[in-house]
Structures are given as structure tokens and as C-alpha cells.
Amino acid sequence: MKFDEVLIQIGEFGWYQKRLYFVICIPCISAGIFATLSVFLLGVPDYRCAIPGLENDTYAIQDNNHQILVNRTIPVSSDATKRYDGCFVYPESAPAYDNYSHPFNVSKTKCNKWVYDKSIFQSTLVSDLNLICDKNYIPSIVKMVYFSGMLAGALVFGFLSDIIGRKKTLMLSLILVSAAGIGVSWVNSVILYVVLRFLVAMATIGIFTTGFVIGMEFVGPSKRMWAGIVVEYFFALGLIILAGVGYLLRDWRHINMAVTFPCLIFLSYFWFIPESPRWLMSKGRFEEAEAILRNAARVNKVKLPDKLFDEHTYDYSVPQARVWHLFRTKVMTMRTLVIFANWFVVTMAYYGLSLNTGNLGGNFFLNFTLSGLVEIPAYTLCILLLDKIGRKWLHFCCMVFGGIACISTVFTSLYAGEDLRWLTITLAMVGKLGASGAFAVIYVFSAELYPTVLRNSGMGASSCCARVGGMIAPYIADLNKVVSGDFGMALPLVVFGAASVAAGVLALTLPETLNKELPETIEDAETFGRTRHSKEVFVNGSFSKEGEDIENTSKTL
């Protein structure tokens, strides 16, 4: 493609592109909301067994007589928290002391009715369907299925985008997320909820990736790094909006409807969002592509030549390669595996830290809001530093700095009192800041490391690794269900932190891409950033002899 030359003529990021880019980014707010919505829909409020025979029992203590009944009926944990048991009750015939405590050898029976704390949520799917005690593993599975839907969506809508076009794929994604999302609000079974949320996940990734591609394909080469990161601000804005909606509504069905109905407005995009000219040209529809570009030039107040395209505008002779060629040599294999590992870990940490917000203690809605707010300075730092200190070192710093902060929460959780709970929350937010920054950098870094002939395939394979990381994240975030106490609260953060540090260190084995000529072929990728030991290679007008470093010059992705 020599399409970039046309973009430079009409303006790499003129008023037309700015307007289109902003409009395309708005649905990404919904993508951020749906990606973390399970924190609200599947929230697990504090609960205990309901007192048998007491119809108006509530989790909150009503009066002194109610307190006596609770003490007589509900076992208390033996640790310092003295929490009421959520799954067992004492039988009415059990002996009791005068203060209504029971001997330790008294048998307990399972309960089949529960009361829930309504101070945070009036209801969630968990409290409506009692997905607790013997069923407490179900919410983790449901969250995992959502992320598997994102994996399926990346494959399905990525394929559709290349077949039927970016615009039609975006509209299909918006229709699907609207229909399935609204349907979620009316379900009364786990299976139907899982199916509809799977479809929502597919549509969400279709909205984000297809919108991202449309925006990037209209932007000139020197502005793509900037445009690729700015869209993340809208994703973060979704988290902040979701926290506000959740705080105001408190009921999972109302929250879901409130964040889904705005997607119906986006269906109006059909009438004023253009198809990507790059895709049109790849299908030989040059007249349609030229009409769109001339309209862009008119809005940008630029005059284009009478003949815009010729037979050289689209290069059909680009060599073909397949994703398995990334593993053709030892060097390519090691680099590819390091890139895959970093995509896996950064996605696992990012979503895991978001899902773990409810386990940090303190004010739930404030924690979730902070979780979204910390992404804004993370992306700002990336924009400011990416072209100054380089991709590799910025990614390393984000991963290691955030990872160490997460690991440090084990000390504040175990040795600091409740009055220092804010310190644990602060460290967790620093970890989220690092994960967010690394997420933004890895997009740019890996795209520049893959050779041109494999860039799309490589990024697609990386995205699949990322979705697998997202599928594992809910299980790690819910480790506190397996390990109780203060250590159980810190354990998910320790796992995310340790994985982030390890992946960040591995990233140091990758070559820096800042101010380097990007690899075009597989052979370029094999020698990129290292000494060539084979035959002479023609570079920049002269031959580099065997054993000499091949210096790459500046070229922007």
C-alpha cells in the first residue's frame, strides 16, 4: 500500500480525521464499561444464613432481640474477624451457654436460605440466584466465559472485518451488544446469563477493535502512535462512568440497562461513518475510496490532484507469510514467545486488578473510581515518554514498578492495621497504573517488532494470548475464596505482581524499536537489533559486511 502518501496529501490528522476519530472513540467508552461490568453484576455482598423460621430476617441487626437470635443460630468464625458463618447454622436443639455461644463440638447443618448485606448493592446476580457456599465457584466460571467471548469475538469479527468491511462489522457489533446486553437485564438463570454475556463480550471486542482500525486507517503514519494510545482514555472513562452509575442505581438489572441502552444511539453511525478507504482499495473499489478521500480533503481544505490513484497505489506483490513463520528460527521463536508472554500477563494483571477492586476493603465505589482514574496518568506518561526513553524500557518500568507495588500489599495486609488499609489500596492502584501503561506500550512495541508481512497475523496471535490471560484473571482475583484472612486478600495482588515483574524482565531481551527502521520481511525481523553473521546485506545504499551491526534508521510505524 502507498496509501500513506495520499493521507499525507490530505493531512495526516486534519479536521476530518479529528472529527471521525472522536466519534469512533465514543463507543469505546461502552467497551470499557462492558469489560468490567461483571464487578457490579456478579458482586458478592457479605451474607450469612437466614435464621430458620424468621420471615423478616435481615443481614443488618434490627434490635437487641434480633442480635440474640443471630448469636444463638449462626456460628462465628474462630479468627480475629469473628464473622458470621455464611453457609451453616446451629440446629434449634443445640446446647448453648448463657451468652448464647455454643460449645465447639456442636454439629452444624447447611442452610438453604440467606440474607445479604445491602449497604453496597441492593441486589446482584449472585444474591438473586444464591451463587454462594457450594456454588461459589460459579461466578468465577461466568467471568471466565465472558473473556472467552472476547477471544471468540477477536477471531470472528477480525475475520468479518476483512471480508465485509470495517463499517458493516462495527454495525453488527453494535446491534449484537444492544440486543444481548438488554436481554441480560431480564434473565433468571445462570445458563442464559452466560450465553448472553458471551455474546456481549464478542460484540464488545468487535466494537473496540473495529473502531480502533477505522480510526487508525484514516490517520497518517506520524500520528498513529498518538492515536493508538488516546483511544485508551475513552476506555478508562467507561470505568469511571460505570462507578457513578453503580453508585446511583445499586441494582444489577438497573445498572445493566442503564449502560446498555446508550448503545442504541450508536446505531445512527450507519448514516455518517464512512467505510475505510484502505479496505475499499484492497477490494478494488477505487472509486468509492476516492470519493471518501476527496470529501476528507474538502473538509480539511486541501486540494487534491485530478488523478489520485494509479496502478501503483495498491501493491499486490507484497510477499505472503503465515503466523507460524514467526517460529521459523530460534531468534524469532524466542522473541515471539516473549511478546506472547507479555500480552498474556499484562492483560491478566489489568483485568485481574479491575475485578479485584471489591476485595480491597474500604469504600467499594471509591476504589473502582480510582481504578479508572489511575489509567489517565498512565496513558499520559506513555504519550510523553514513549518517544523519549523508548518502548522497551518504558514497558519494563511499567511492568516492574506496578508489579513490585502489588507484591508489597502482602506486607501492608499482614502487618498494617485497619487504619492503614488506605496504603494497601494505594499500592493496588499503583499496580493498576503500571498495568495500564504497559497495556498501552505493548500495542505499539509488538506492532513495531513484527515484520510488515506478519504484522496483522502477529498482532492477532498476540491478542489471542491476551484473551487467555483475561480468562485466567477471574480465578486469580477470586483466590480469597480459597485462602481466607488477610493473606487471602493480598494473594491475588501478589500473583499479579510476581507475573508482571517476570514478564517485564523478559521484555529486556527484546530489541528497542525507537528510531529504528521497522522490519519489512521475516529476514529483516531475524536480524533486527542484532549482528548479522551471514553474507553481506545491502543497507542504506551500502553493503554491511559479515559481523557488522546493521544500523536501522528512523521510520515511523
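The values are calculated or read from the model by the stated rules, or taken from the named source; none is laboratory data. Quantities reported herein were computed from a predicted structural model and do not represent experimental measurements. All Cβ positions, glycine included, derive from the backbone under ideal geometry; neighbour counts span all protein chains shown. Calculation scope for accessible area: heavy atoms of the full protein, side chains included, ligands and nucleic acids excluded. Shrake-Rupley method; radii C 1.70, N 1.55, O 1.52, S 1.80 Å.
Looking across segment 490-518, the residues that are touching a Gly at 6+ places or on another chain (Cβ under 7 Å) and not small (G, A, S) come down to P492, L493, F496, V501, P511, E512, L514.
Considering every residue within segment 147-160, establish whether at least one is open to solvent by less than 30 Å² (accessible area, probe 1.4 Å) and without any contact (Cβ under 8 Å) to a residue 24 or more places away in the chain. Checked segment 147-160: no residue is open to solvent by less than 30 Å² (accessible area, probe 1.4 Å) and without any contact (Cβ under 8 Å) to a residue 24 or more places away in the chain.
Taking every residue in segment 116-130 that is closer than 9 Å to V44 by Cα and in a helix (DSSP H, G or I) and pairing it with any residue that is among the small types (G, A, S) and open to solvent by less than 30 Å² (accessible area, probe 1.4 Å), at least 6 positions away or on another chain, the pairs with Cβ-Cβ distances below 7 Å are V126/G43. Considering only residues in segment 299-323 that are at pLDDT 80 or above and part of a loop (DSSP other than H, G, I, E, B), the one that is least open to solvent (accessible area, probe 1.4 Å) turns out to be N300.
Of the residues making up segment 208-220, none is at negative phi, of a type in the set (A, V, I, L, M) and in contact with a Cys (Cβ under 8 Å, 6 or more places away or on another chain). In segment 179-193, of all residues being touching a Lys or Arg at 6+ places or on another chain (Cβ under 8 Å) and either of a type in the set (K, R) or closer than 20 Å to M150 by Cβ (or both), the one that is surrounded by the fewest Cβ atoms within 10 Å (Cβ to Cβ) corresponds to A180. For S457, the requirement of being small (G, A, S) and either open to solvent by 30 Å² or more (accessible area, probe 1.4 Å) or in contact with a strand residue (DSSP E or B) (Cβ under 6 Å, 6 or more places away or on another chain) (or both) is met. Right, F327: more than 15 Å from K432 (Cα to Cα), surrounded by fewer than 22 Cβ atoms within 10 Å (Cβ to Cβ) and within 19 Å of the chain's Cα centre (by Cα) or not? Judged against the criteria, F327 is not a match. Among the residues of segment 447-490, the ones that are hydroxyl-bearing (S, T, Y), modelled with pLDDT under 85 and part of a helix (DSSP H, G or I) come to 4 in all. Any residue in segment 78-87 that is part of a loop (DSSP other than H, G, I, E, B), modelled with pLDDT of 75 or more, open to solvent by 20 Å² or more (accessible area, probe 1.4 Å) and touching a Cys at 6+ places or on another chain (Cβ under 9 Å)? Yes, segment 78-87 contains at least one residue that is part of a loop (DSSP other than H, G, I, E, B), modelled with pLDDT of 75 or more, open to solvent by 20 Å² or more (accessible area, probe 1.4 Å) and touching a Cys at 6+ places or on another chain (Cβ under 9 Å). Criterion applied to L427, L366 was being open to solvent by less than 60 Å² (accessible area, probe 1.4 Å), farther than 23 Å from S140 by Cα and of a type in the set (A, V, I, L, M, F, W, C), and the one residue passing it is L427. Does any residue of segment 504-515 turn out to be open to solvent by less than 20 Å² (accessible area, probe 1.4 Å), part of a helix (DSSP H, G or I) and modelled with pLDDT of 80 or more? Scanning segment 504-515 turns up at least one residue that is open to solvent by less than 20 Å² (accessible area, probe 1.4 Å), part of a helix (DSSP H, G or I) and modelled with pLDDT of 80 or more. Of all residues in segment 263-297, those being basic (K, R), crowded, with 19+ Cβ neighbours inside 10 Å and not in a helix (DSSP H, G or I) number 0.
Quick check: anything in segment 194-204 charged (D, E, K, R), open to solvent by less than 40 Å² (accessible area, probe 1.4 Å), closer than 25 Å to I182 by Cβ and part of a helix (DSSP H, G or I)? Checked against the condition, which is being charged (D, E, K, R), open to solvent by less than 40 Å² (accessible area, probe 1.4 Å), closer than 25 Å to I182 by Cβ and part of a helix (DSSP H, G or I), segment 194-204 yields at least one hit.
Looking at this structure, is T109 surrounded by fewer than 18 Cβ atoms within 10 Å (Cβ to Cβ), out of contact with any Cys (no Cβ under 8 Å at 6 or more places or on another chain) and among the polar types (S, T, N, Q)? So T109 fits the description; yes.
If you filter segment 6-20 down to residues that are open to solvent by 20 Å² or more (accessible area, probe 1.4 Å) and under 29 Å from the mean Cα position of the chain (by Cα), you find that the one that is nearest to F266 (Cα to Cα) is R19. Residues in segment 381-435 that are touching a helix residue (DSSP H, G or I) at 6+ places or on another chain (Cβ under 7 Å) and among the charged types (D, E, K, R) were compared, and the one that is nearest to F445 (Cα to Cα) is R391. Every condition in (1) closer than 23 Å to D478 by Cβ; (2) outside any helix (DSSP H, G or I); (3) aliphatic (A, V, I, L, M) is met by I191 except one, and the failing one is (2). Given the condition open to solvent by 30 Å² or more (accessible area, probe 1.4 Å), aliphatic (A, V, I, L, M) and closer than 29 Å to F411 by Cβ, answer yes or no: does some residue in segment 371-380 qualify? Yes, the conditions are met somewhere in segment 371-380. Within the option set V6, V44, V39, being assigned to a helix (DSSP H, G or I), more than 30 Å from A296 (Cβ to Cβ) and touching a Ser or Thr at 6+ places or on another chain (Cβ under 8 Å) holds for one residue only, V39.
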